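Read through the structure below, which is laid out as structure tokens, and then see the notes.
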Amino acid sequence: MSPPPTLVPRLFDKSRLAPATLTTAQYRDLLKDAHQQLQTEFDNGTCVRLLVSARALAVDEVLHHVWSGAGLGRQPDISLLAVGGYGRGELHPCSDIDVLILHNLPSLSPDLQETISGFIARLWDLGLDIGSSVRSLEECVENVGQDITIATNLLEVRTLSGPDHLRQSLLQLTRPLWTGAAFFEAKKEEQLARHGKHNFTEYNLEPDLKNAPGGLRDIQTIAWVAKRHFDATTLYDLVNHGFLTEYEYRQLMEGEAFLWRIRFLLHMLSKRNENRLLFDYQKTIANLLGYTDSNANRAVEQFMKAYYRAAMNLSMLNELLLQYFDETILKTEADSEIVPLNDHFQLRDNHIEVRHHQVFAKHPSALLEIFLILAENTLIQGVRASTIRLIMVEARKINDDFRQNPRNRELFISILRAPHALFSTLRRMKRYGVLGAYLPAFGAIVGQMQYDLFHIYTVDAHTLLVIKNMRRFRYQEGAEQFPVVAEVAQRLPKLELLYIAGLFHDIGKGRGGDHSDLGSVDAREFCLSHGLSVREANLVAWLTQKHLLMSVTAQKQDVSDPEVIHKFAAQVGDLVHLDYLYALTVADICATNPKLWNSWRASLLRQLYQQTRRALRRGLNNPVDRQEWIHETRINALEILVDEQGRDENRINEIWTGLGEDYFLRESASDIAWHTAAILAHGDDTRPLVTIKESHGTQFEGATQIFVYTRDLPNLFAASVATLDHLHLTVLDARIITAENRYSLDTYIVLDEDNTQITDPDRLEYIQANLEKALSHPDQYPTIVQKRLPRQLKHFSVKTMVNISNDIHRQQTVLEVITLDRPGLLARIGLIFMEHGVNLQNARIATLGERAEDVFFITDRDSHPISNPDLCEKLANALRSQLDTVN
């Protein structure tokens, strides 16, 4: 689109180029004024298409002027060409300016080489980001034949200065080097590699507007392929060639215009050629584009939802059009193998297609039937592009009559019950617009994001990943990674109930209110309207409403406490509900954030599941007795120590006598055996005992476990976590036990700062030595190292929340802190505890994206609950004040 005649003069006063030469300062002032006017025009609502075109024309004038001033305009065999995006006449505020200096000389004389080098250097001096190459025609021909990127750049080439016949010769010589088919295959492979760098998803938290799936490069790839084949000059030419429909052309243009507005603002804000939509700019751009906070969604979430939807739509069009090009233009149908499936569909080269173009119009239920066939037939490799086009058109016609049709409801449930490819089938249904049209509540969450680092996928992408995980439980790969939950999933009476719960568990997000409650209502209504029994509907509704119950219990409560297990078992009610909830919970966590799921978290949930299953089998009226639990743990630990290790039972009992009952309630038999063996070996040594092992067979499998045994002294926790912080360790969990003999038995579950297990023996020895030294003098509290806050965390505001309550049963005070995660957080909290005379008895440490949600079980110096309200208030105020100051 060429800018109107009045725009370029407003942007760029050409009369300022009247002198034959200008100083560098004069050029820079001219470009600076043009840049400022560019911003003014944008603020006044001028179309971005016009602005990027006008900027290209303005830069044309400057380059031509500098070229002429260098004396290069008088050379008959050398030209200055614009290539790439600049060759298309598109320059965003900070885009690279790619030029080719093309000549037809046997070689460049030293004087000419020096002149050209001076010209390029002058452009850099002007502040222009120049990408330049100097090539002869012969060199260009050689390079184009070897490099698809160069071949692509030369599809869009303009002469800026010098004879145009060189450009024409270049195109004539290079065009035969790439056939249409070869060019298409190369661009397809190039796109595949590019998408792979972005995890093949449009839904990255900080997406690349240019290179990610659904980005500007996807639109350009369509144009390049068609230009090479049709010799088209604009995208609309593809409509005339029958390659694009009018509707698809409008979608491409609207999507491109939206991305261009964002990219324009990114360049203006970052003052560089920035194409990543970083957290640094998302909020500002949302506001500049007119989005405002609502009760249900923040402005930035609305903006990113619009982006993700646009990107998914562009990605789908790119996929469709490239497939259509491959099927209808490059491949002949003469050799196709056609296999009829039924009256509506057939296979062509193992891709399903309609048997005639009126199938969906005359038989609307075929819109679901085709997906059922895909889910039931493993030999089908995909859907033909012409059929995808028809599906996308007809999906827009789905209405209440379609949704209430018994046949369609039967088909949809049958898809959920199908034996194969459920995830890929539902994903296709979503991308083609069918799933969101059939389930409007699902359509509302497409592209819905939450502005945090915990939920790294949009709600719709997360939902389908949950179902994918559920399917994995049924296969060998899943059985190896999730041995217990895979076994549980195999005995679920009706797997489709699990899938429906997965489909609806987050469907209420973005509406305001509790998404679990909203989703529960939707799930129950769906089940009843689709022929499920009331009992099944109630189960699915309960799973949807309680889908966070198990993870929250495992994360924030002590699952080794019989009281916690009994309370959780009472909420679950029976083994069937427990099995379904366990499978849903694991699938949900794994689909939220890959960093969230690790072996210690898996073991934590596994322990909660197994203990609850045991409690339910005993019966809720016959809970596990506290003394019975303690007795069983002691017996099991003794078997390890005496029968397996041959240790003296009398000496073991001497040590155990002073440890108290809480120790045997809160530690596993295997860890008690490990602790006891270490204490026996330590003997009468008065120095702190520190021993380290890899966690196996415990709730923290896969992490590194540090056990500390020393006389109980003030500041032990503060000194310990400060030292661990100095050692660049991440604390996953802390278990602090003060025994009756006034010794402290502390366990820290840690990973390296990159969330990996610590396996280097020298490093483990170094950690042990540093802890022993620090805990010998805990009053000499290590200085908290001030570490730089990671870039992404700087853009999140998590106001510190502190909740304090007393646990009468455990005789402890429960303190919950929700705050922004940052390096050294636990060390800072430990210092605050120390300053207020607080002893830590236990802790549950959880990091959810940018949020730390930690629960501490604390007492006063005398090991009593903190009953003084003034102390509680001072402690809470200190935490809020100091942690928010660090923010």
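Would you confirm, using the coordinates I've provided, whether SER551 is assigned to a helix (DSSP H, G or I), modelled with pLDDT under 80, under 29 Å from the mean Cα position of the chain (by Cα) and polar (S, T, N, Q)? No; evaluated as a whole, the condition is false for this residue.
When restricted to residues that are open to solvent by 40 Å² or more (accessible area, probe 1.4 Å) and closer than 16 Å to ARG735 by Cβ, segment 809-842 contains 1. Counting only strands (runs of 3 or more DSSP E) that sit wholly inside segment 644-747, those with at least 1 residues that are within 40 Å of the chain's Cα centre (by Cα), basic (Lys, Arg) and under 30 Å from ALA852 (Cα atoms) are 689-694, 729-738.
Within segment 761-801, the set of residues being at pLDDT 70 or above and surrounded by 18 or more Cβ atoms within 10 Å (Cβ to Cβ) comprises ILE767, LEU771, ALA774, LEU775, PRO778, VAL798, THR800. Scanning segment 522-536 for residues that are open to solvent by less than 30 Å² (accessible area, probe 1.4 Å) and in a helix (DSSP H, G or I), which turns out nearest to ARG403 (Cα to Cα)? Taking the candidates together, the pick is PHE526. Residue check, PHE200 against (1) part of a helix (DSSP H, G or I); (2) without any contact (Cβ under 8 Å) to a residue 24 or more places away in the chain, all met but one. Which one? Of (1) part of a helix (DSSP H, G or I); (2) without any contact (Cβ under 8 Å) to a residue 24 or more places away in the chain, only one is false for PHE200: (1). Scanning segment 212-232 for residues that are open to solvent by 30 Å² or more (accessible area, probe 1.4 Å) and on the phi > 0 side of the Ramachandran plot yields one hit, ASP231. If you filter segment 556-607 down to residues that are modelled with pLDDT of 90 or more and aromatic (Phe, Trp, Tyr), you find that the one that is farthest from LEU732 (Cα to Cα) is TYR580. If you check PRO483, PRO562 for being closer than 30 Å to ALA669 by Cα, of a type outside the set (Lys, Arg), under 28 Å from the mean Cα position of the chain (by Cα) and surrounded by fewer than 23 Cβ atoms within 10 Å (Cβ to Cβ), only one passes: PRO483.
Residues are listed down the side, and each one gets a yes or a no for (1) within 30 Å of GLU139 (Cα to Cα); (2) out of contact with any helix residue (DSSP H, G or I) (no Cβ under 9 Å at 6 or more places or on another chain); (3) modelled with pLDDT under 90:
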| position | (1), (2), (3) |
| --- | --- |
| LYS32 | no, yes, no |
| ARG49 | no, no, no |
| LEU80 | yes, no, no |
| GLY84 | yes, no, no |
| GLY89 | yes, no, no |
| ASP98 | yes, no, no |
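Pairing residues of segment 506-524 that are under 12 Å from TRP542 (Cβ atoms) with residues that are of a type in the set (Ser, Thr, Tyr) and assigned to a helix (DSSP H, G or I), at Cβ distances under 6 Å and at least 6 apart in sequence or on separate chains, gives GLY519/THR544; SER520/THR544; ALA523/THR544. The residue list HIS420, HIS455 contains one member that is closer than 22 Å to ARG298 by Cβ and open to solvent by 20 Å² or more (accessible area, probe 1.4 Å), which is HIS455.
Are any of the residues in segment 440-449 within 24 Å of TYR307 (Cα to Cα), surrounded by fewer than 17 Cβ atoms within 10 Å (Cβ to Cβ) and among the aromatic types (Phe, Trp, Tyr)? Taking every residue of segment 440-449 in turn, none turns out to be within 24 Å of TYR307 (Cα to Cα), surrounded by fewer than 17 Cβ atoms within 10 Å (Cβ to Cβ) and among the aromatic types (Phe, Trp, Tyr).
Against the conditions (1) open to solvent by less than 70 Å² (accessible area, probe 1.4 Å); (2) touching a residue at least 60 places away in the same chain (Cβ under 8 Å), ALA615 satisfies every one except (2).
For segment 449-494, a tally of residues being in a helix (DSSP H, G or I), in contact (Cβ under 8 Å) with a residue 60 or more places away in the chain and among the aliphatic types (A, V, I, L, M) returns 9. Here segment 339-361 is the region considered, the condition is being open to solvent by 80 Å² or more (accessible area, probe 1.4 Å) and either within 41 Å of the chain's Cα centre (by Cα) or under 13 Å from ARG384 (Cβ atoms) (or both), and the residue that is modelled with the lowest pLDDT is HIS357. Screening LYS210 with (1) under 18 Å from GLU156 (Cα atoms); (2) assigned to a helix (DSSP H, G or I) gives one miss only, at (2). Looking at segment 688-743, which of the residues that are in contact with a strand residue (DSSP E or B) (Cβ under 8 Å, 6 or more places away or on another chain) and charged (D, E, K, R) is modelled with the highest pLDDT? Among them, the one singled out is ARG711. With respect to being in a helix (DSSP H, G or I), of a type outside the set (D, E, K, R) and at pLDDT below 90, VAL8 fits the description. Within segment 843-878, if we keep just the residues that are open to solvent by 40 Å² or more (accessible area, probe 1.4 Å) and assigned to a strand (DSSP E or B), the residue that is modelled with the lowest pLDDT turns out to be THR847. Specify the residue that is surrounded by the most Cβ atoms within 10 Å (Cβ to Cβ); the eligible residues are those in segment 278-295 that are farther than 18 Å from GLN450 by Cβ and of a type in the set (A, V, I, L, M, F, W, C). Checked segment 278-295; the qualifying residue surrounded by the most Cβ atoms within 10 Å (Cβ to Cβ) is LEU288. So, ASP60, is that one among the acidic types (Asp, Glu), modelled with pLDDT of 90 or more and farther than 24 Å from THR159 by Cα or not? Considered against the rule, which asks whether it is among the acidic types (Asp, Glu), modelled with pLDDT of 90 or more and farther than 24 Å from THR159 by Cα, ASP60 comes out as no.
Quick check on ALA366: is it in contact with a helix residue (DSSP H, G or I) (Cβ under 9 Å, 6 or more places away or on another chain), more than 28 Å from GLN448 (Cβ to Cβ) and open to solvent by 40 Å² or more (accessible area, probe 1.4 Å)? Criteria not met by ALA366. Scanning segment 495-518 for residues that are part of a helix (DSSP H, G or I) and of a type in the set (D, E, K, R), we see that the one that is surrounded by the most Cβ atoms within 10 Å (Cβ to Cβ) is GLU496. The set of residues in segment 637-659 that are open to solvent by 10 Å² or more (accessible area, probe 1.4 Å) and touching a strand residue (DSSP E or B) at 6+ places or on another chain (Cβ under 8 Å) contains only GLY658. Selection within segment 304-338: residues that are among the charged types (D, E, K, R) and either modelled with pLDDT of 90 or more or under 20 Å from the mean Cα position of the chain (by Cα) (or both). The member of this set that is least open to solvent (accessible area, probe 1.4 Å) is LYS305.
The values are calculated or read from the model by the stated rules, or taken from the named source; none is laboratory data. Keep in mind that this is a model prediction, so the values were computed, not measured. Cβ coordinates were reconstructed from backbone atoms using ideal geometry, including for glycine residues, and neighbour counts include every protein chain displayed. To get the accessible areas, we keep the full protein, side chains included, count just its heavy atoms, and leave off ligands, DNA and RNA. Shrake-Rupley method; radii C 1.70, N 1.55, O 1.52, S 1.80 Å.
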